């Protein structure tokens, strides 16, 4: 990055709900500081002003779900010196990756009167499946303070200081009683990356794994324990196959549970 001028930043949206971009806007006072340190060159959610690339820092929200997006991300990568995948859609395919477990053409026929007008890919995929990604920030939506930390680290030419523990630790830090121990409720907290502040357990429900699996998670052990707590058949498998459901670790665990559940139901008939 050039020291002669402020580093330029571009923010792009792909298939998503805009929640991660809104998290950036919700920085409020910090956003003013960022505007003083950065040249916000492209961010349509915030301003109509557009400056040409290449850009020093590019943040991309959303997954790739159409042929146009697959082509567009390659163009964006060619103009990005440092590319950040922003949020679970961009890092793992997001909630729209639920379609990856079915037939996209069949779904289109069921929903749309004229599916022949649609252009879509069979799967919703992460940005890294199409181009090189320099940094991933998970979350649905992202934690705005983690985004700020990553941008500050880039400006200061250091490694970002991101949580290296699971959601269980966040429950302990905020004094939340464990929903699994106290209520016998399935929860992905022991295997999910921290960053959300343990919002779901604090509100009396199990973790959905929005920030993706922790790198050292023992998915086999978690699945064996949690599925014994299912309040209805397949509850833990459905938790795994949710917002981060197409991420390999969660996907494999869910597939194994579905097979085990199917075998169990067959035996009881």
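Let's see how each residue does on (1) modelled with pLDDT of 95 or more; (2) under 30 Å from residue 7 (Cα atoms); (3) in the same structural domain as residue 25 (by TED's automatic domain parsing); (4) out of contact with any helix residue (DSSP H, G or I) (no Cβ under 7 Å at 6 or more places or on another chain):
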residue: 138; (1), (2), (3), (4): yes, yes, yes, no
residue: 171; (1), (2), (3), (4): yes, no, no, no
residue: 178; (1), (2), (3), (4): yes, no, no, no
residue: 203; (1), (2), (3), (4): yes, no, no, yes
residue: 215; (1), (2), (3), (4): no, no, no, yes
residue: 225; (1), (2), (3), (4): no, no, no, yes
residue: 235; (1), (2), (3), (4): no, no, no, yes
residue: 238; (1), (2), (3), (4): no, no, no, yes
residue: 241; (1), (2), (3), (4): no, no, no, no
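Table: residues versus (1) more than 30 Å from residue 136 (Cα to Cα); (2) outside any helix (DSSP H, G or I); (3) not assigned by TED's automatic domain parsing to the domain that holds residue 92.
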site	(1), (2), (3)
190	no, no, yes
197	no, yes, yes
207	no, yes, yes
228	yes, no, yes
231	yes, yes, yes
250	no, no, yes
255	no, no, yes
258	no, no, yes
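Strands (runs of 3 or more DSSP E) fully within segment 3-64 that include at least 1 residues being touching a residue at least 12 places away in the same chain (Cβ under 8 Å), outside the structural domain of residue 247 (by TED's automatic domain parsing) and touching a helix residue (DSSP H, G or I) at 6+ places or on another chain (Cβ under 7 Å): 8-13, 55-61. Being closer than 25 Å to residue 240 by Cα, without any contact (Cβ under 8 Å) to a residue 40 or more places away in the chain and within 16 Å of the chain's Cα centre (by Cα) holds for only one residue in 163, 141, and it is 163.
Of all residues in segment 166-190, those satisfying the criterion of being touching a residue at least 40 places away in the same chain (Cβ under 8 Å) and under 17 Å from the mean Cα position of the chain (by Cα) are 166, 167, 188.
Residues that are exposed (fewer than 15 other Cβ atoms within 10 Å of the Cβ) and farther than 15 Å from residue 95 by Cβ were ranked within segment 1-21; the one that is modelled with the highest pLDDT is 5.
The values are calculated or read from the model by the stated rules, or taken from the named source; none is laboratory data. All of these numbers come straight from a predicted model, not from anything done at the bench. Note that we place each Cβ from the backbone using ideal geometry, even for glycine, and neighbour counts take in every protein chain shown.
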